[in-house]
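J.: One structure follows; several queries about it will come next.
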Amino acid sequence: MCTGTLRKAAALLGAVFLAGACTDGSSNAPITSPSFAASSSSLPHINNTTLPIPVSISADFSAYDCSNNPGPQITFSGGSFLGGYGVEMTFTNNMKGTHTFTDGHIVDVTVMPANEQIVIPKQPVLGGVGGNPFIWVQFIDPKGAALSGEIFVGRCVQGAGWHVTQAAVTTASAVATFTVEGCENSPGPFISFTSGVTMAGLSARIIFRNNDNPVGGPHEADVTRNVAVIPAGLSLTFPKQPVLGGVGGNPWIFAGFTDVHGTALGDPTLLGRCEQLSKVLS
């Protein structure tokens, strides 16, 4: 709760927010309202361009034409399961000092449930190195940086079928946009918001080698091919959700993103005071 300190940011996933921290004995800088110009929306909003999204990848491989040039050929398919995220809102009528407020009412809402599935369509991959190569897979971000180590899959001639699972974390650009009404009513205020994410993307790098030693082998024979696991720019939108403030009396309203378990991802953003927000939106 926010009787001195909001929950601290999850160490695994990093910090998120703009201004409006609620911490005991913190700096003397004033809490400021967010800039609506930070988004294409004229409504109060929060955004995060590096929202961490855990991913569980389940991929299937099969191989054929192992001895033919420019073989071998691989088929790659499966699915990835996203970890989800949420939004936490805090309403308070008693804000003391610069970064301290009390009498807070906190509401956690899951925006994207865990295990949202992204299907990996079946894709052909041409190896381009003959001679029954050994095959590895490595998961990478859109800039080619490794999200996993190289995972040995098997040798082509053995490739009736393989299955690989891997955990990783990708990023997304997320926004939540709010509407505000009913500031004077108890148990109001009444808030609703919509949210969406655009995924940075994630790929699988499939590596073919004619030697099973990736360090000392004949690297001139290495061939790599990248296939999409989560397409870059994939957008997901989520329907409008209501949030009941439950504090009344024209409260100050804060909002921030959480992971799917409700753990805050950084400090909250001050959206503004309920009546002022509702007048802006009227």
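The values are calculated or read from the model by the stated rules, or taken from the named source; none is laboratory data. Worth saying up front: this structure is predicted, and the values here are computed from it rather than measured. Virtual Cβ from ideal backbone geometry, glycine too; neighbours counted across all protein chains shown. Only protein heavy atoms, including side chains, enter the accessible area calculation; ligands, DNA and RNA are left aside. Shrake-Rupley method; radii C 1.70, N 1.55, O 1.52, S 1.80 Å.
J.: Being more than 18 Å from residue 175 (Cβ to Cβ), in contact with a Phe, Trp or Tyr (Cβ under 9 Å, 6 or more places away or on another chain), of a type in the set (A, V, I, L, M, F, W, C) and outside any loop (DSSP other than H, G, I, E, B) is the filter here; which residues of segment 225-271 pass it?
T.: 227, 229, 244, 252
J.: Being of a type in the set (A, V, I, L, M, F, W, C), modelled with pLDDT of 90 or more and open to solvent by 30 Å² or more (accessible area, probe 1.4 Å) is the requirement here; does residue 137 meet it?
T.: The answer is no for residue 137.
J.: Only residues in segment 95-112 that are within 16 Å of residue 274 (Cα to Cα) count as the first member; pair them with residues that are modelled with pLDDT of 60 or more and not in a strand (DSSP E or B), Cβ under 6 angstrom, at least 6 apart or cross-chain, and list the lot.
T.: 105/246; 105/247
J.: Can you tell me which residue is nearest to residue 75 (Cα to Cα) among those in segment 143-165 that are assigned to a strand (DSSP E or B), open to solvent by 50 Å² or more (accessible area, probe 1.4 Å) and not aliphatic (A, V, I, L, M)?
T.: 163
J.: Could you say whether any residue in segment 247-261 is at pLDDT 90 or above, over 30 Å from residue 63 (Cα atoms) and open to solvent by 50 Å² or more (accessible area, probe 1.4 Å)?
T.: No, there is no match, as no residue in segment 247-261 is at pLDDT 90 or above, over 30 Å from residue 63 (Cα atoms) and open to solvent by 50 Å² or more (accessible area, probe 1.4 Å).
J.: Name the residues in segment 204-246 that are at pLDDT 85 or above, among the polar types (S, T, N, Q) and within 14 Å of residue 134 (Cα to Cα), would you?
T.: Of everything in segment 204-246, just one residue is at pLDDT 85 or above, among the polar types (S, T, N, Q) and within 14 Å of residue 134 (Cα to Cα), namely 224.
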